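Participant: First the structure, then my questions, so here it is.
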Amino acid sequence: MRLLPRRSRGPGRSRSSVPSSTGPDEQTVRIALDDLRRRRHHQGRRRTIGRVALGLLVVALVGALAWLLLLSPYLTARGVEVAGAGVADEARVARAAEVPSGTPLARVDTDLLQRRVEAIPAVRHAEISRSWPHTLHVEVTPRTPVAVLERSGGLQALDAQGVVFGSYDARPARLPLVAPARGVGREAVVEAAGVVDALPADVARRTRTVEVGSVDEITLVLDSGRRVVWGSAEQSGTKAEVLAVMLPQLPRGVDEIDVSVPGRLTTR
């Protein structure tokens, strides 16, 4: 059997080809990766150094500020400024708020000073604040007298909470006189102060004396001589309203009006 020679294919039909290059070789990639790692390492070191430097700067600033506020001689208490003292003695308030000379203003115990100032009877409330660089500011809310208390042969101011403060040589015309009977305790005086505070301004001005027999026996004596039996301080707001309405309507000859039970008014 005769073998036929294999036909050679033409150059256009050859299956062999040279592989094409599609990107950088391995060495180029490796160099690029190494360069990227080095850049990231340097950037990380710079960020770390920056954070450390910033932290040290913050610590230094905080330390300097703490020294300036707490230890330095530049921000020390050197004076007291008092506002709103009213009936309170301004000089006495200033003395109560004094601190040793040279005390750093930031270390002053303002709560302690507040308690010292509020221990003054004529002071109802006090606010202590620092006024940089060297001053303590004291804002005082003084007590407001609603009546005058006759006690131990003297006259003293009485506020709405029944706190006694100050003194008078004579009763001010605008304030009623609270006159407790012998042996009457502080509770009854506090009740009487609440009664006066509940009175409308025009009725309070017309009230000459508040007689206090006990917590349940409070009587107003008006300038006209009329007596108003009040009873206890309970329902004082309602009693005051009833009294303000009824006083202008009372006929002559009525010497006493009883508002101790405001829903059942009686006169004599």
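Participant: Restricting attention to segment 98-125, report how many residues are in contact (Cβ under 8 Å) with a residue 12 or more places away in the chain, within 20 Å of GLY166 (Cβ to Cβ) and either outside any loop (DSSP other than H, G, I, E, B) or touching a strand residue (DSSP E or B) at 6+ places or on another chain (Cβ under 9 Å) (or both).
Facilitator: Going through segment 98-125 one residue at a time, the tally reaches 8.
Participant: Can you tell me which condition ALA240 does not meet? The list is (1) at pLDDT below 95; (2) among the aliphatic types (A, V, I, L, M); (3) surrounded by 12 or more Cβ atoms within 10 Å (Cβ to Cβ), and all the others hold.
Facilitator: Against the list (1) at pLDDT below 95; (2) among the aliphatic types (A, V, I, L, M); (3) surrounded by 12 or more Cβ atoms within 10 Å (Cβ to Cβ), ALA240 comes up short only on (1).
Participant: Quick check: anything in segment 204-215 surrounded by fewer than 19 Cβ atoms within 10 Å (Cβ to Cβ), touching an Asp or Glu at 6+ places or on another chain (Cβ under 7 Å) and either among the aromatic types (Phe, Trp, Tyr) or part of a helix (DSSP H, G or I) (or both)?
Facilitator: Yes, that holds for at least one residue.
Participant: Return yes or no: is THR266 at pLDDT below 95, of a type in the set (S, T, N, Q) and either in contact with an Asp or Glu (Cβ under 8 Å, 6 or more places away or on another chain) or surrounded by 15 or more Cβ atoms within 10 Å (Cβ to Cβ) (or both)? Even if it seems obvious, please write down each step before you answer.
Facilitator: Numbers: at pLDDT below 95: yes; of a type in the set (S, T, N, Q): yes; either in contact with an Asp or Glu (Cβ under 8 Å, 6 or more places away or on another chain) or surrounded by 15 or more Cβ atoms within 10 Å (Cβ to Cβ) (or both): yes.
It is true that THR266 is at pLDDT below 95, of a type in the set (S, T, N, Q) and either in contact with an Asp or Glu (Cβ under 8 Å, 6 or more places away or on another chain) or surrounded by 15 or more Cβ atoms within 10 Å (Cβ to Cβ) (or both).
Participant: Return the residues of segment 179-199 that are modelled with pLDDT under 95 and assigned to a loop (DSSP other than H, G, I, E, B); say none if nothing qualifies.
Facilitator: The answer is ALA181, ARG182, GLY183, VAL184, GLY185.
Participant: Report yes if some residue within segment 41-63 is more than 30 Å from PRO142 (Cα to Cα), among the charged types (D, E, K, R) and modelled with pLDDT under 65; otherwise report no. Break it down stepwise before answering.
Facilitator: Here is the first cut: in segment 41-63, the residues more than 30 Å from PRO142 (Cα to Cα) are 41-63.
The next check asks that each one be among the charged types (D, E, K, R); those that pass are 45-47, 51.
Filter again for modelled with pLDDT under 65, leaving none.
No, there is no match, as no residue in segment 41-63 is more than 30 Å from PRO142 (Cα to Cα), among the charged types (D, E, K, R) and modelled with pLDDT under 65.
Participant: In segment 141-171, how many are part of a strand (DSSP E or B) and among the small types (Gly, Ala, Ser)?
Facilitator: Qualifying residue count, segment 141-171: 5.
The values are calculated or read from the model by the stated rules, or taken from the named source; none is laboratory data. Nothing here was measured: the structure is a model prediction, and the numbers come from that model. Cβ sites come from the backbone with ideal geometry, for glycine too, and all protein chains shown count toward neighbours.
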